[in-house]
1. Where residues in the range 58-94 are open to solvent by 70 Å² or more (accessible area, probe 1.4 Å) and part of a loop (DSSP other than H, G, I, E, B), which of them is nearest to Ala35 (Cα to Cα)?
2. Restricting attention to the range 105-114, which residues are surrounded by fewer than 18 Cβ atoms within 10 Å (Cβ to Cβ) and either in contact (Cβ under 8 Å) with a residue 12 or more places away in the chain or of a type in the set (Asp, Glu) (or both)?
3. Does Val30 fit the bill of being open to solvent by less than 70 Å² (accessible area, probe 1.4 Å) and out of contact with any Phe, Trp or Tyr (no Cβ under 9 Å at 6 or more places or on another chain)?
4. Which of the numbered conditions does Asp48 fail, given that it passes all the others? Conditions: (1) surrounded by 11 or more Cβ atoms within 10 Å (Cβ to Cβ); (2) touching a residue at least 40 places away in the same chain (Cβ under 8 Å).
5. Among residues belonging to the range 115-148 that are closer than 22 Å to Tyr100 by Cα and part of a loop (DSSP other than H, G, I, E, B), point out the one that is most open to solvent (accessible area, probe 1.4 Å).
6. Can you spot a residue in the range 51-71 that is in contact (Cβ under 8 Å) with a residue 12 or more places away in the chain, touching a His at 6+ places or on another chain (Cβ under 8 Å) and among the hydrophobic types (A, V, I, L, M, F, W, C)?
Amino acid sequence: MKYLLSLLALMWVTTASATSVAPMTLEQIVAQSDAAVIAKIEAVDMVDGQGRQVTDPAARTGPGSDNQIRLHLVLDEAVFTRTGPVPVRITVPLWQMWHYDLGQIQRQVGQKSIFLLKGQKYTFEPAYYNDFQRPRSEGRKIRKLVGL
(Lines give C-alpha, C1' and ligand atoms only; values in the text may rest on other atoms or scores of the structure.)
Protein backbone atom coordinates (compact mmCIF):
# COMPACT_ATOMS: atom_id res chain seq x y z
CA MET A 1 0.00 0.00 0.00
CA LYS A 2 2.84 2.37 0.86
CA TYR A 3 4.42 1.62 -2.54
CA LEU A 4 1.14 2.36 -4.32
CA LEU A 5 0.70 5.70 -2.51
CA SER A 6 4.28 6.68 -3.36
CA LEU A 7 3.74 5.79 -7.00
CA LEU A 8 0.50 7.81 -7.14
CA ALA A 9 2.21 10.81 -5.53
CA LEU A 10 5.06 10.62 -8.06
CA MET A 11 2.61 10.44 -10.96
CA TRP A 12 0.73 13.50 -9.63
CA VAL A 13 3.92 15.56 -9.26
CA THR A 14 5.08 14.58 -12.76
CA THR A 15 1.72 15.49 -14.27
CA ALA A 16 1.48 18.75 -12.35
CA SER A 17 4.90 19.94 -13.53
CA ALA A 18 4.30 19.25 -17.22
CA THR A 19 3.08 22.09 -19.43
CA SER A 20 0.09 21.05 -21.51
CA VAL A 21 -3.02 22.53 -23.00
CA ALA A 22 -6.27 20.94 -24.07
CA PRO A 23 -6.19 19.83 -27.70
CA MET A 24 -8.25 21.77 -30.24
CA THR A 25 -9.30 20.68 -33.69
CA LEU A 26 -8.23 22.57 -36.79
CA GLU A 27 -11.83 23.75 -37.12
CA GLN A 28 -11.79 25.24 -33.62
CA ILE A 29 -8.46 27.01 -34.14
CA VAL A 30 -9.54 28.44 -37.50
CA ALA A 31 -12.82 29.67 -35.95
CA GLN A 32 -10.91 31.78 -33.42
CA SER A 33 -8.27 32.99 -35.92
CA ASP A 34 -8.19 36.49 -37.32
CA ALA A 35 -5.84 35.48 -40.12
CA ALA A 36 -4.13 32.53 -41.72
CA VAL A 37 -0.93 33.23 -43.61
CA ILE A 38 1.59 31.22 -45.53
CA ALA A 39 4.93 32.54 -44.37
CA LYS A 40 8.58 31.59 -44.08
CA ILE A 41 10.35 31.70 -40.72
CA GLU A 42 13.08 34.22 -41.50
CA ALA A 43 14.56 34.33 -38.00
CA VAL A 44 13.97 33.20 -34.43
CA ASP A 45 15.08 35.17 -31.42
CA MET A 46 14.60 35.24 -27.67
CA VAL A 47 14.16 38.13 -25.25
CA ASP A 48 14.20 38.11 -21.47
CA GLY A 49 11.62 39.75 -19.21
CA GLN A 50 13.22 43.18 -19.74
CA GLY A 51 13.21 42.83 -23.54
CA ARG A 52 16.97 42.18 -23.79
CA GLN A 53 18.18 39.78 -26.46
CA VAL A 54 19.16 36.30 -25.27
CA THR A 55 21.59 34.59 -27.65
CA ASP A 56 22.54 31.39 -25.82
CA PRO A 57 21.03 28.53 -27.86
CA ALA A 58 20.58 26.56 -24.62
CA ALA A 59 18.48 29.33 -23.00
CA ARG A 60 15.04 28.01 -22.13
CA THR A 61 11.45 29.07 -21.81
CA GLY A 62 8.84 27.53 -19.56
CA PRO A 63 7.26 28.05 -16.14
CA GLY A 64 9.44 30.23 -13.93
CA SER A 65 11.27 31.81 -16.88
CA ASP A 66 10.63 35.29 -18.24
CA ASN A 67 12.24 34.38 -21.57
CA GLN A 68 10.13 34.52 -24.71
CA ILE A 69 10.88 33.09 -28.14
CA ARG A 70 9.67 35.02 -31.16
CA LEU A 71 9.23 33.89 -34.76
CA HIS A 72 10.03 36.50 -37.40
CA LEU A 73 7.92 35.67 -40.43
CA VAL A 74 7.99 36.90 -44.01
CA LEU A 75 4.56 36.75 -45.62
CA ASP A 76 4.16 34.74 -48.80
CA GLU A 77 0.37 34.76 -49.01
CA ALA A 78 -2.62 35.60 -46.84
CA VAL A 79 -4.91 32.57 -46.91
CA PHE A 80 -7.63 34.65 -45.21
CA THR A 81 -7.87 37.68 -42.99
CA ARG A 82 -10.75 39.02 -40.95
CA THR A 83 -9.03 42.17 -39.69
CA GLY A 84 -7.59 43.80 -42.79
CA PRO A 85 -4.28 43.54 -44.61
CA VAL A 86 -1.42 41.61 -43.07
CA PRO A 87 2.04 43.19 -43.21
CA VAL A 88 4.85 41.51 -45.13
CA ARG A 89 6.87 41.02 -41.93
CA ILE A 90 5.24 39.67 -38.76
CA THR A 91 6.72 38.88 -35.36
CA VAL A 92 4.86 36.15 -33.50
CA PRO A 93 5.69 35.47 -29.83
CA LEU A 94 5.44 31.87 -28.71
CA TRP A 95 3.68 30.98 -25.48
CA GLN A 96 6.20 31.39 -22.66
CA MET A 97 5.05 28.29 -20.78
CA TRP A 98 6.25 25.82 -23.44
CA HIS A 99 9.49 24.07 -22.49
CA TYR A 100 11.70 25.07 -25.44
CA ASP A 101 15.29 26.10 -25.84
CA LEU A 102 16.26 28.79 -28.33
CA GLY A 103 18.42 26.48 -30.47
CA GLN A 104 15.57 23.99 -30.84
CA ILE A 105 13.26 26.59 -32.37
CA GLN A 106 16.03 28.25 -34.42
CA ARG A 107 16.31 25.01 -36.39
CA GLN A 108 12.97 25.97 -37.99
CA VAL A 109 14.47 28.98 -39.78
CA GLY A 110 13.71 28.69 -43.49
CA GLN A 111 10.57 26.58 -43.04
CA LYS A 112 7.41 27.71 -44.78
CA SER A 113 4.10 26.92 -43.06
CA ILE A 114 0.58 28.17 -42.57
CA PHE A 115 0.27 30.21 -39.38
CA LEU A 116 -3.12 30.67 -37.72
CA LEU A 117 -3.01 34.00 -35.94
CA LYS A 118 -5.12 36.39 -33.94
CA GLY A 119 -4.61 40.12 -33.76
CA GLN A 120 -4.11 42.74 -36.44
CA LYS A 121 -1.50 44.92 -38.14
CA TYR A 122 1.70 44.42 -36.12
CA THR A 123 0.33 42.72 -33.01
CA PHE A 124 -0.24 39.14 -34.07
CA GLU A 125 0.03 36.14 -31.78
CA PRO A 126 -0.84 32.46 -32.16
CA ALA A 127 -4.57 31.84 -32.46
CA TYR A 128 -4.05 29.01 -29.96
CA TYR A 129 -1.05 28.00 -27.84
CA ASN A 130 -0.65 24.76 -29.72
CA ASP A 131 -0.97 23.72 -33.36
CA PHE A 132 -1.13 27.25 -34.78
CA GLN A 133 1.69 26.35 -37.22
CA ARG A 134 0.24 24.02 -39.85
CA PRO A 135 1.58 22.26 -42.94
CA ARG A 136 0.92 24.05 -46.23
CA SER A 137 -0.98 20.98 -47.40
CA GLU A 138 -3.86 22.08 -45.12
CA GLY A 139 -4.39 25.31 -47.09
CA ARG A 140 -7.33 23.99 -49.09
CA LYS A 141 -9.05 22.69 -45.96
CA ILE A 142 -8.51 25.99 -44.10
CA ARG A 143 -9.95 27.96 -47.06
CA LYS A 144 -12.98 25.67 -47.10
CA LEU A 145 -13.50 26.17 -43.34
CA VAL A 146 -13.74 29.95 -43.84
CA GLY A 147 -15.91 29.67 -46.96
CA LEU A 148 -13.30 30.47 -49.60
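1. The residue in question is Arg82.
2. Gln106, Gln108, Val109, Gly110, Gln111, Lys112
3. No; evaluated as a whole, the condition is false for this residue.
4. Asp48 satisfies every listed condition except (2).
5. By that ranking, first place goes to Tyr129.
6. Within the range 51-71 (the criterion being in contact (Cβ under 8 Å) with a residue 12 or more places away in the chain, touching a His at 6+ places or on another chain (Cβ under 8 Å) and among the hydrophobic types (A, V, I, L, M, F, W, C)), the answer is no, since none of the residues qualifies.
The values are calculated or read from the model by the stated rules, or taken from the named source; none is laboratory data. Quick caveat, the model's predicted, so the values are computed rather than measured. Backbone-built Cβ (ideal geometry, glycine too); neighbour counts: all protein chains shown. When the accessible area is computed, the model is the full protein with side chains, heavy atoms only, and any ligands, DNA or RNA have been set aside. Shrake-Rupley method; radii C 1.70, N 1.55, O 1.52, S 1.80 Å.
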